[in-house]
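I have placed the structure first, in the form of structure tokens, so that the comments after it can refer back to it.
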Amino acid sequence: MKPKINHLIWLALALAILPVISLADNLPNQILWNKDGAEMAYIPAGSFEMGDHLDNMSSALPLHTVTLDGFYMDKTEVRVGQFKAFLADSDYSWGGNWDSVATDSPTDDHPMIYVNWNDAVAYAEWAGKRLPTEAEWEKAARGGLDGKRYPWGDQLDATKANYAENVGTTTVAGSYAANGYGLYDVAGNVREWCQDWYDSDYYDSSPATNPPGPGTGSYRVLRGGSWLDNTYYLRVAYRVNNFSYPNARYYYIGFRCVSGSDYP
């Protein structure tokens with residue numbers, strides 16, 4: 001009688017001879033995040049040119065190559081309804097006012113505003129995500145178009161973003177066309193909190209791979225411009241005056257979240 005070999009051993013032998021395939025090669029381009037129901041898009045690993053030499057934006061210099069791991073990012077800014085669900089499901093004490101929110105973000109599908117950096121972090125932690133680093137935000141906003149001023153190219157286009165009060169308030173999240181990675185409103189609607197402390201000279205010494213931002217600071221980075229900002233703030237590399245105190249709440253600031261390549 002032939003000796004029996006445990007089926008688990010056979011499975012191990014079979015797996016050992018299969019070609020090794022990177023997990024990143026099999027990740028879906030879009031996922032639905034279980035906790036907050038957010039649609040998320042995959043931003044592939046790789047290098048891009050961070051910064052901008054145009055129009056003497058000194059804080060966006062030097063132009064430098066940054067390499068990032070792949071990650072997922074919310075396709076839209078966090079909506080009012082999602083933030084309400086977070087508050088209902090947690091013991092977090094938000095210091096804002098719903099009447100103020102309703103003035104410029106009147107429905108559950110509008111971007112959440114009047115959130116400070118700490119509120120955004122608390123939401124992200126509840127959802128099992130985090131805020132994007134400044135480098136992650138810029139790569140994602142570019143949508144694969146390196147060296148361009150805006151997420152869609154070099155020419156300003158009023159049909160592609162809510163800015164400079166061309167609408168007069170926020171618009172429902174995702175109202176404008178997505179960029180090359182499937183992200184909405186990375187230019188205009190509301191400025192977005194990033195994880196990093198702000199340092200105008202950080203690019204002079206930032207790491208080339210997965211830069212985490214300065215270790216300390218007084219302000220947190222904002223990116224993307226808002227419904228009342230001029231065209232400078234819409235530029236994917238814009239950093240001048242694009243920061244605020246972590247405890248600041250304004251009607252033109254919101255956020256979106258990211259996660260690494262692991263997902264539920």
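Calculate one ³J(HN,Hα) per residue across the stretch 220-237 by plugging θ = phi - 60° into the Karplus curve 6.51 cos²θ - 1.76 cosθ + 1.60, and present them in order as whole Hz with x for glycine and proline.
3J(HN,Hα) across the stretch 220-237, in whole Hz: 9, 6, 10, 9, x, x, 9, 5, 10, 8, 6, 5, 4, 5, 6, 5, 5, 9.
What residues qualify as long-range amide H neighbours of Gly254, i.e. H under 5 Å apart, gap of 5 or more or another chain, H built at 1.01 Å from N?
The list, which skips near neighbours in sequence, is Arg191, Glu192, Trp193.
Give, rounded to the nearest 20 debye, the magnitude of the charge dipole that the chain has about its Cα centre when Lys and Arg contribute +1 at Cβ and Asp and Glu contribute -1 at Cβ.
The dipole magnitude comes to about 740 debye.
Got a sec to turn the phi values of the stretch 126-131 into Karplus ³J(HN,Hα) couplings, 6.51 cos²θ - 1.76 cosθ + 1.60 with θ = phi - 60°, whole Hz, x for Gly and Pro?
4, 7, x, 10, 7, 7
At Asp204 and Met57, where each label point lies 7 Å from the Cα along Cα→Cβ, what is the point-to-point distance in nanometres?
2.0
Hey, if you put +1 on the Cβ of every Lys and Arg and -1 on every Asp and Glu Cβ in the stretch 28-259, which of Tyr163, Gly215, Gly182 ends up farthest toward the positive end of that dipole?
Positive-end residue among those listed: Gly182.
Count charges around Gly81 for me, please; just the other residues with Cβ under 10 Å from its Cβ, Lys/Arg as +1, Asp/Glu as -1.
It works out to a net charge of -1.
Pull up all non-local amide H partners of Arg79: gap of 5 or more, or a different chain, and H-to-H distance under 5 Å with H placed in the peptide plane.
When sequence neighbours closer than 5 places are left aside, the close amide H contacts are Met112.
From the phi angles alone, apply the Karplus equation (6.51, -1.76, 1.60; θ = phi - 60°) to the stretch 153-160 and give each ³J(HN,Hα) in whole Hz, x where the residue is Gly or Pro.
Computed from phi, the couplings for the stretch 153-160 are x, 9, 9, 5, 9, 5, 8, 10 Hz.
Using the structure shown, list the pairs from Lys84/Lys160; Lys75/Lys160; Lys35/Lys84; Lys139/Lys160; Lys84/Lys139; Lys35/Lys148 with a Cα-Cα distance above 23 Å, or answer none.
Lys84/Lys160; Lys84/Lys139; Lys35/Lys148
Report the full-extension gain for the segment Tyr232 to Leu27: residue separation times 0.36 nm, less the Cα-Cα distance, to one decimal in nm.
Between Tyr232 and Leu27, full extension yields an extra 70.3 nm.
Ignoring everything except DSSP H segments at least 4 long, calculate the 222 nm mean residue ellipticity for the chain; use -39,500 (n - 2.57) per segment, divide by total residues, nearest 500.
Rounded to the nearest 500, the figure is -5000 deg cm²/dmol.
Would you mind telling me which residue in Lys129, Lys139, Lys35 has the biggest mean-square fluctuation in a Gaussian network model of the chain, where springs connect alpha carbons within a distance under 10 angstrom?
Lys35
At a threshold of 8 angstrom on Cα-Cα distance, excluding pairs fewer than six apart, so keeping six or more, what relative contact order does the stretch 28-259 reach in percent?
With pairs under 8 Å counted, the relative contact order is 27 percent.
Can you tell me what share of the DSSP beta bridges in the chain is antiparallel? A percent to the nearest 5 is fine.
Just about 85 percent of them are antiparallel.
Scan around Phe243 for amide H atoms under 5 Å from its own, H built in the peptide plane at 1.01 Å from N, and keep only partners 5 or more places away or cross-chain.
Leu222
Every number in this text was worked out from the coordinates using simple rules, so none of it is lab data. Predicted model only: the values in this text are computed from it and were never measured. Methodologically, a virtual Cβ is constructed for each residue, glycine included, from the backbone with ideal geometry; neighbour enumeration extends over all protein chains shown.
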